[in-house]
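Colleague: I'd like to ask you about the structure that follows.
The values are calculated or read from the model by the stated rules, or taken from the named source; none is laboratory data. Every value quoted in this text rests on a predicted model; they were computed, and no experiment measured them. Glycine also receives a Cβ, built like all others from the backbone with ideal geometry; neighbour counts cover every protein chain displayed.
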Ligand SMILES: [Zn+2]
């Protein structure tokens, strides 16, 4: 056996000789974890980002299908959530259960609710809880900690985006209603 398979296997971005070993064409591999197909379909890593994943055809389709600003939602979950939100928006079930009243007294926007879910905190979590959840998740999924892990990288982006949404929401609150425990 030769040891030629070592040479192009740098982890991330993933490149590997493809085809015959000697004089093989260097082909970029699909960024999807564990996939050995050539990755020739670009997909933006996050909105407004020039960074791209490179996927094979099948995984590009999967990525596009599941793509969500906050990642992690299957198509069914996304559809169900949309339906739930429409029901709420129709006026009935106006979230009194969660103690979000009308605009101006702490109502969470849809993005904020999604962000809270991404961070895995309760809808009534205060900002300190949000911050510690964010720190924990960001650490777990940080590219320095999980080099070459494409899914962790996507999660990391989502976590950062989610926290940004919640941080801005916190800043918009009147000082009197900010959590300061
Ligand atoms: Zn693939």
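Colleague: Residues to consider are 91, 106; find the one that is out of contact with any helix residue (DSSP H, G or I) (no Cβ under 8 Å at 6 or more places or on another chain) and modelled with pLDDT under 85.
Modeller: Details: 106 fails: out of contact with any helix residue (DSSP H, G or I) (no Cβ under 8 Å at 6 or more places or on another chain).
One residue alone meets the criteria, 91.
Colleague: So how many residues does the range 146-181 have that are modelled with pLDDT of 85 or more and exposed (fewer than 14 other Cβ atoms within 10 Å of the Cβ)?
Modeller: Within the range 146-181, residues that are modelled with pLDDT of 85 or more and exposed (fewer than 14 other Cβ atoms within 10 Å of the Cβ) number 4.
For every residue, the table says whether it meets (1) in a helix (DSSP H, G or I); (2) away from the ligand (no atom under 14 Å from the Cβ); (3) modelled with pLDDT of 70 or more.
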site: 47; (1), (2), (3): no, yes, no
site: 50; (1), (2), (3): no, yes, yes
site: 64; (1), (2), (3): yes, no, yes
site: 68; (1), (2), (3): no, yes, no
site: 71; (1), (2), (3): no, yes, no
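Colleague: Tell me, please, whether a residue that is within 16 Å of the ligand (Cβ to nearest atom), modelled with pLDDT of 80 or more and out of contact with any helix residue (DSSP H, G or I) (no Cβ under 9 Å at 6 or more places or on another chain) can be found in the range 119-130.
Modeller: Looking through the range 119-130, none of the residues is within 16 Å of the ligand (Cβ to nearest atom), modelled with pLDDT of 80 or more and out of contact with any helix residue (DSSP H, G or I) (no Cβ under 9 Å at 6 or more places or on another chain).
Colleague: With respect to residue 100, determine if the residue is surrounded by 16 or more Cβ atoms within 10 Å (Cβ to Cβ), at pLDDT below 60 and outside the structural domain of residue 37 (by TED's automatic domain parsing).
Modeller: Answer is yes for this residue.
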